[in-house]
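Enquirer: Take this structure, written in C-alpha cells, and hold onto it; I'll ask about it next.
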Amino acid sequence: MAIDLYLPGSWCRHGLGSSHLIQEPGSLDQILAELERSYPLIRTHWRQADGRFVDYLQLFVNGVQVALNPLPVQPLHDGDAIDVVLPISGG
C-alpha cells in the first residue's frame with residue numbers, strides 16, 4: 001500500500017534523490033509531517049516562520065487542489081497521489 005508523492009524537481013538537492021516519493025497511507029497532515037521529519041530542509045521551502053504554508057505553494061490530492069492554511073485532516077488511501085506544485089514565473 002502506498003501514496004505517490006510528487007515534489008518539485010528542484011527540491012531533489014535536499015537529499016530526496018527523486019521528485020517522486022512513496023509514502024505509507026495516512027492522513028495528509030501526517031504524510032507531510034513525516035516528509036518534514038525525514039527532509040528538514042523542505043520545511044524552508046514550504047513554510048513561513050510562523051509555521052503556515054507559503055502562499056504561493058499549491059497542493060493537489062488526486063488532481064484536486066487542497067487548501068493549505070489550515071491543512072485539512074484528510075485521510076489518504078492506497079493509490080492516492082499528492083502533487084506539490086510551485087508557480088512558474090518569469091518575465
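Just so you know, all these numbers are worked out from the coordinates, no wet-lab data involved. Keep in mind it's a predicted model, so treat the numbers as computed, not measured. Neighbour counts run over all protein chains shown; Cβ positions are idealised from the backbone, glycine included.
Enquirer: Taking H as built 1.01 Å from N, whose amide H comes closer than 5 Å to the amide H of LEU76, not counting residues under 5 places away?
Expert: Hits under the 5 Å cutoff: GLY26, SER27, LEU28.
Enquirer: While we're on this one: Using a simple spin-label model with points 7 Å from Cα along the Cα→Cβ vector, what separation in nm is obtained for VAL66 and CYS12?
Expert: 2.4 nm
Enquirer: Using amide H atoms built in the peptide plane, which far-off residues or other-chain residues are under 5 Å from LEU68 H to H?
Expert: Counting only residues 5 or more places away or on other chains, the set is empty.
Enquirer: If you don't mind, another one. Can you compute 3J(HN,Hα) from phi for each residue in region 35-45, using the Karplus curve 6.51 cos²θ - 1.76 cosθ + 1.60 with θ = phi - 60°, rounded to whole Hz and x for Gly and Pro?
Expert: Per residue, the Karplus-derived 3J(HN,Hα) values read 4, 5, 5, 6, 9, x, 5, 4, 3, 5, 8 Hz.
Enquirer: Could you give the nm distance between label points at ASP29 and ARG52, where each point is 7 Å from its Cα heading toward the beta carbon?
Expert: 1.6 nm
Enquirer: I need the phi-derived Karplus couplings for region 49-66: 6.51 cos²θ - 1.76 cosθ + 1.60, θ = phi - 60°, integer Hz, Gly and Pro marked x.
Expert: So the Karplus estimates, Gly and Pro as x, are 4, 7, x, 6, 5, 5, 5, 7, 6, 10, 10, 10, 10, 6, x, 10, 5, 10 Hz.
Enquirer: Does a label point 7 Å from the Cα of HIS77, set along Cα-to-beta-carbon, have any residues of region 24-67 with amide nitrogen under 14 Å, and which are they?
Expert: Flagged as within label range: 25-27, 62.
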